[in-house]
Every structure is written in structure tokens, then in C-alpha cells.
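Bear in mind these aren't lab numbers, they're just calculated from the coordinates by the rules spelled out. These figures come from a predicted structure and were not determined experimentally. Note that we place each Cβ from the backbone using ideal geometry, even for glycine, and neighbour counts take in every protein chain shown.
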Amino acid sequence: MAPRFKRVLLKLSGESLSGGREFGINPQTIQEMGDEIVSAHAMGVQVALVIGGGNIFRGLRESATHNMDRVTADHMGMLATVINSLAMQDCLEAKGVYTRVLSAIKMEQVAESFIRRRAIRHLEKGRVIILAAGTGNPYFTTDTAGVLRAIEIKADVIMKATKVDGIFDSDPVKNSEAKKFDTLSYAEVLTRHLGVMDATAITLCEENKLPLVVFNFKKRGNFLKLLSGDSVGTFVHC
């Protein structure tokens, strides 16, 4: 059976790589995540990844807490995403999947520079691409970077991996009575202040008619179920 989506951008948080640790990369966790991505690739899906850097350094939090210059803090956060991207590249290539890291900040000895046409060509050749260093500019989150890159590479959907089962009307970790939404419009996400992504990212999705799926990536198999057409997580549309 053909997958529901041909080309997807999967947005992973940096914290998800830590596997419950306070910081850093958990080897077992990244291997499990890699297995999911390899299985999706084997289905014929063109996979692009954007990985945050919060397990190593979170720019906004550090600048607010330690009175660090915001631009400096954000650049440090971008470099943290490159570290995570290289770790994922190593994991995937050890599993036999050709991978390219494309960075928004030039660092030719480490990664290719992001060029839109090159990124699309890598996908067409069956390579997983990992889009690192955010947008290359401070004051933008990796959520916004993920949406921007998804639009640029003409992804069918952006999938945001979380540790809960979708979008809820309140924090399900703190409120056992929280209600999960199966579908939402972008207008509802903004007016309800649901906080699944920052307003810039949501607005970009809405303006470019890019579907968003928010789902629990910690439940193994959810990613493949989504690609197979099963109803998983919360689907956000225009």
C-alpha cells in the first residue's frame, strides 16, 4: 500500500534525544528514533528532519536566565542543533540509510550549506536530509525553521513529534481531564492559545496551506501508522 504522504518533514525536539536525561544524547533513544525513520524510508517516504537543540543549549531560556545577549544565545542554540543533526546522521548511516546534513550556517567541513534545490535533489535520490542550524537567524524558533524548510522543500505535511498524544485543551501531564482534539483549524490553534508552536510557525503553515500533525513519537510505531493513513495524534488544517 502506498504511503499517505510522499514527502514529510519531521520536527523533533532536542529534549527527545536525551531520553529522560537532564541533558545530552541518550544512545539507546537515538537508536530507537533512527529505527522509526529507517522504516519510514523503507516505505518509500522522502524524509526531512529538523531537530532542536534544547538537550544541549536553549538560547531563549539561557539569555533570560543568565542575562546573556539574545543573539549570542540563539547562535549557540543553532550550533547545538548541528551537534544533534550529526549524531542522527551517524545513527542513520550506520543503519544503511544515506543521509545529508544541510546547515543554515556555513560550516563546510562539517555539513553542506542549505540550498533549496540541492535539498530537494537529495530527497529525490532517496537520501534523508537533516536541516540544521534553524533559519540561520536569531529570534526564530526551530518550530518556525521547520515550517519554513517544509514549505521550501514542498513537503506534503509537517509532523511535530511530542511526548503526548496530540493537542489538548490543557496540559495532559498536569490535568488528567484534559481533552484531546482530533482535528483543529489553524485559526482555532491561535485563538485558543494552545501553544503547540509559536504564532509565527502557525501563521506560516496557515498562509501556505501546509498541514500539521502533532503526535506522540515516544509510542513506537506511531510514525509509521501516520504514514500508512491511520488516525494518530491531532491534524491541524486551514
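Can you pull out the residues in the stretch 165-201 that are in contact (Cβ under 8 Å) with a residue 40 or more places away in the chain, in a loop (DSSP other than H, G, I, E, B) and out of contact with any helix residue (DSSP H, G or I) (no Cβ under 7 Å at 6 or more places or on another chain)?
Narrowing the stretch 165-201 to residues in contact (Cβ under 8 Å) with a residue 40 or more places away in the chain: 165-167, 180-186, 189, 196-198, 200-201.
With in a loop (DSSP other than H, G, I, E, B) added as a condition, the list becomes 165-166, 182, 196-198.
Once the filter is applied, which keeps residues that are in contact (Cβ under 8 Å) with a residue 40 or more places away in the chain, in a loop (DSSP other than H, G, I, E, B) and out of contact with any helix residue (DSSP H, G or I) (no Cβ under 7 Å at 6 or more places or on another chain), the stretch 165-201 yields Asp165, Gly166, Asp182.
Return the residues of the stretch 98-136 that are more than 16 Å from Ala87 (Cα to Cα) and in a strand (DSSP E or B); say none if nothing qualifies.
Result: Ser113, single match.
All but one of (1) farther than 30 Å from Thr72 by Cα; (2) in contact with an Asp or Glu (Cβ under 9 Å, 6 or more places away or on another chain); (3) of a type outside the set (Lys, Arg); (4) surrounded by 13 or more Cβ atoms within 10 Å (Cβ to Cβ) hold for Ser185; which doesn't?
Here Ser185 clears every test but (4).
All but one of (1) surrounded by fewer than 22 Cβ atoms within 10 Å (Cβ to Cβ); (2) farther than 27 Å from Lys106 by Cα; (3) touching a residue at least 40 places away in the same chain (Cβ under 8 Å) hold for Lys154, so report the exception by its number.
(2) is the only condition that Lys154 fails.
What is the residue count in the stretch 21-53 for residues that are free of Cβ contacts under 8 Å to residues at least 40 places away in the same chain, assigned to a helix (DSSP H, G or I) and over 18 Å from Leu123 (Cα atoms)?
The qualifying residues number 3.
State all residues of the stretch 2-27 that are within 15 Å of Leu49 (Cα to Cα) and small (Gly, Ala, Ser); if no residue qualifies, say none.
Selection gives Ser13, Gly14, Ser16.
Do we have Leu204 as closer than 26 Å to Glu152 by Cβ, buried (at least 22 other Cβ atoms within 10 Å of the Cβ) and not basic (Lys, Arg) here?
When the stated conditions are applied, Leu204 does not pass them.
Take the stretch 229-238 and flag every residue that is in contact (Cβ under 8 Å) with a residue 40 or more places away in the chain and surrounded by fewer than 17 Cβ atoms within 10 Å (Cβ to Cβ).
The answer is Gly229, Ser231, His237, Cys238.
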